[in-house]
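Every number here is computed from the coordinates shown, using simple stated rules; none is lab data. Keep in mind the model is a prediction, meaning the values are calculated, not measured. Glycine also receives a Cβ, built like all others from the backbone with ideal geometry; neighbour counts cover every protein chain displayed.
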Amino acid sequence: MTQYFLSVHHDEAGQAEMEAMTEDDMQRMFTQVGAFNDKLQAEGAWVFAGGLQPIEQSTCVDATGEKPVVTDGPFAESKEYLGGFWIIEAADLDAALQWATEGSAACEGKVEVRPFQSE
Amino acid sequence: MDVTRTAVERIFRDEHGRVVAALARRFGDLDVAEDATSEALLVALEKWPVDGVPPNPGAWLTTTAGNKAIDRIRRERQRDVKHQAALMISDDTPHEATGLVEDDRLRLVFTCCHPALAPEARVALTLRLLGGLTVAEIAAAFLVPETTMAQRITRAKAKIKGAHIPFRVPAAADLAERLAGVLAVVYLVFNEGYLSSSADAEPLREELTDEAIRLGRILRTLLPDEPEVAGLLALMLLTDARRTTRVAGGELVPLPEQDRGGWDRALIGEGHALVRECLARNRPGQYQLLAAVNAVHTDALTVADTDWSQIVTLYTHLGSIAPSPFVELNRAVAVAELDGPEVALALVDRLPLTSYHAFHVTRADLLRRLGRSAEAREAYDAALAATENSAERAYLTRRRDQLSGP
């Protein structure tokens, strides 16, 4: 079994869409994602998952120099930010892609699949 | 027995996919499989000219490569004592020309053409591992530096390993879609040979069309019941049958002007048999329909004998299962023969293909036939600007310069 990182990225357009979502839209997505998470757990594929607060709330710490430096904001200015993720166990990439297909439909966003290093 | 280096290399190339696939299944690692197979070639080059070619060269290569792989794994594992226990991988699966081993090649091709790999990496891996071409040959085929191609292949193999792309034939539910990806790789290789897209290459590159046909034949052996596999092979054979008549004096010769006596009747016979087999199966798909179009062309002894209405029907069918402006363009060419250039031009003019050379070539020809020379000249210029193929440029330039009137 290999662990895969399934990440959901939000760009500015996606962020705007999210903000424009109605209560019902949000509720529908939460229900879908909840059902998907339940399925991951029921089939033993679940390792961990979470949704992240908006990128404005991130803080960077750099301790590579003499003194740690704390700065407000993301590591790099980018058009896309990580919005949420799943870590799953799957037999191979095909199985991981199948989970990603279901996850993408559930969260109504594009999902990137990236394998963890095995050791 | 006189065994030349070329003969050894030819056998090696034919057996490459089988040997790599068998080793990949056995050792679960494409790198190990590929390197061991290459090492087996070196042994063959040394031994066969002295001892003669063994009765079953594929089995010999698989055994030799398998031993090389075990040697390598032993060497590596000795450096890494904690894995010592896992050292003794053994597999006594005999090498056979049918059955399990054929399945291995099928697994190999689906792994090489996995949708998680970049399209250019799929082509490169398929030619390298299944086709047995060297990295240098593949680099030359796609006119990129050898180091670039080597990196592309290395990166793709690293992804197969790191992301755990499975070495397996897809489940029935996914087979049709995944197979379409495999066929697209083969057809892409064929098309680059059919009409080279580069000014720096020969206009027709038979090393590529031949290789694509060889891959098509392998797929046909592996998947005898898939009509699209038969369709693609038929399409390539029927197209290739016209090869020697497609260029004369450095100039491309369009289909209606080709010397039909020069068409390869053996390839045509084989292609027609495949098309008939597809018709009998009655599970049409895009390659089968394109093959059928080519069967109609190769059936006609002269251009005037061409059953254009049949061709229009086939393109209409194709447009209904795989809608695309390219299909509409080809359909319009046939419509011109049935209903005249004016009707066809109206169809062509609404297609969003202004950066595609064949669009301008078709328009130029229709406008020429309508006597609209000035517009035809512009269309020839647009076509020339959109193609780098030397033979096509020579043909278009002559046609443009022969236009009469303003």
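Within segment A:110-119, how many residues turn out to be away from chain B (no Cβ under 11 Å) and surrounded by fewer than 18 Cβ atoms within 10 Å (Cβ to Cβ)? Within segment A:110-119, residues that are away from chain B (no Cβ under 11 Å) and surrounded by fewer than 18 Cβ atoms within 10 Å (Cβ to Cβ) number 3.
Close contacts from segment B:131-159, counting a first residue that is more than 24 Å from B:Phe12 (Cβ to Cβ) and a second that is among the small types (Gly, Ala, Ser), with Cβ to Cβ under 6 Å and a gap of 6+ residues or different chains, come to B:Leu143/B:Ser198. One residue stands out in segment B:125-162 among those that are buried (at least 20 other Cβ atoms within 10 Å of the Cβ) and not hydrophobic (A, V, I, L, M, F, W, C): the one that is nearest to the other protein chains (Cβ to nearest Cβ), namely B:Lys157. Taking segment B:256-369 and the helices (runs of 4 or more DSSP H) fully enclosed by it, the elements with 1 or more residues that are under 22 Å from B:Leu179 (Cα atoms) are at B:265-281, B:286-299, B:308-321, B:325-339.
With respect to the conditions (1) out of contact with any strand residue (DSSP E or B) (no Cβ under 9 Å at 6 or more places or on another chain); (2) not in a loop (DSSP other than H, G, I, E, B), A:Glu89 falls short on a single one, namely (1).
Within segment B:50-64, the set of residues being closer than 11 Å to B:Val8 by Cβ and crowded, with 17+ Cβ neighbours inside 10 Å comprises B:Pro57, B:Leu61.
Scanning segment B:189-201 for residues that are without any contact (Cβ under 8 Å) to a residue 40 or more places away in the chain and surrounded by fewer than 17 Cβ atoms within 10 Å (Cβ to Cβ) turns up just one, B:Asn191.
With respect to the conditions (1) hydrophobic (A, V, I, L, M, F, W, C); (2) farther than 17 Å from A:Trp46 by Cβ; (3) touching a residue at least 12 places away in the same chain (Cβ under 8 Å), A:Trp99 falls short on a single one, namely (2). Within segment A:66-107, the set of residues being crowded, with 17+ Cβ neighbours inside 10 Å, within 14 Å of chain B (Cβ to nearest Cβ) and among the hydrophobic types (A, V, I, L, M, F, W, C) comprises A:Ile88, A:Ala90, A:Leu93, A:Ala95, A:Ala96, A:Leu97, A:Trp99, A:Ala100.
B:Leu183 meets the stated requirement of being touching a residue at least 60 places away in the same chain (Cβ under 8 Å), more than 14 Å from chain A (Cβ to nearest Cβ) and under 20 Å from B:Pro115 (Cβ atoms). Just one of the listed residues (A:Met29, A:Met18) is surrounded by 15 or more Cβ atoms within 10 Å (Cβ to Cβ), free of Cβ contacts under 8 Å to residues at least 12 places away in the same chain and of a type in the set (A, V, I, L, M, F, W, C), namely A:Met18. Across segment B:163-175, which residue is nearest to the other protein chains (Cβ to nearest Cβ) among those that are in contact (Cβ under 8 Å) with a residue 12 or more places away in the chain and under 22 Å from B:Leu233 (Cβ atoms)? So, considering only residues that are in contact (Cβ under 8 Å) with a residue 12 or more places away in the chain and under 22 Å from B:Leu233 (Cβ atoms), the one nearest to the other protein chains (Cβ to nearest Cβ) is B:Pro170. Considering the conditions (1) under 17 Å from the mean Cα position of the chain (by Cα); (2) within 23 Å of A:Phe116 (Cα to Cα), A:Asp94 is excluded by exactly one of them, (1).
Is there a residue in segment A:33-49 that is of a type in the set (Asp, Glu), away from chain B (no Cβ under 14 Å), part of a helix (DSSP H, G or I) and in contact with a helix residue (DSSP H, G or I) (Cβ under 7 Å, 6 or more places away or on another chain)? No, every residue in segment A:33-49 fails to be of a type in the set (Asp, Glu), away from chain B (no Cβ under 14 Å), part of a helix (DSSP H, G or I) and in contact with a helix residue (DSSP H, G or I) (Cβ under 7 Å, 6 or more places away or on another chain). None of B:Val169, B:Val189 is over 17 Å from B:Gly285 (Cα atoms) and within 14 Å of the chain's Cα centre (by Cα) except B:Val189.
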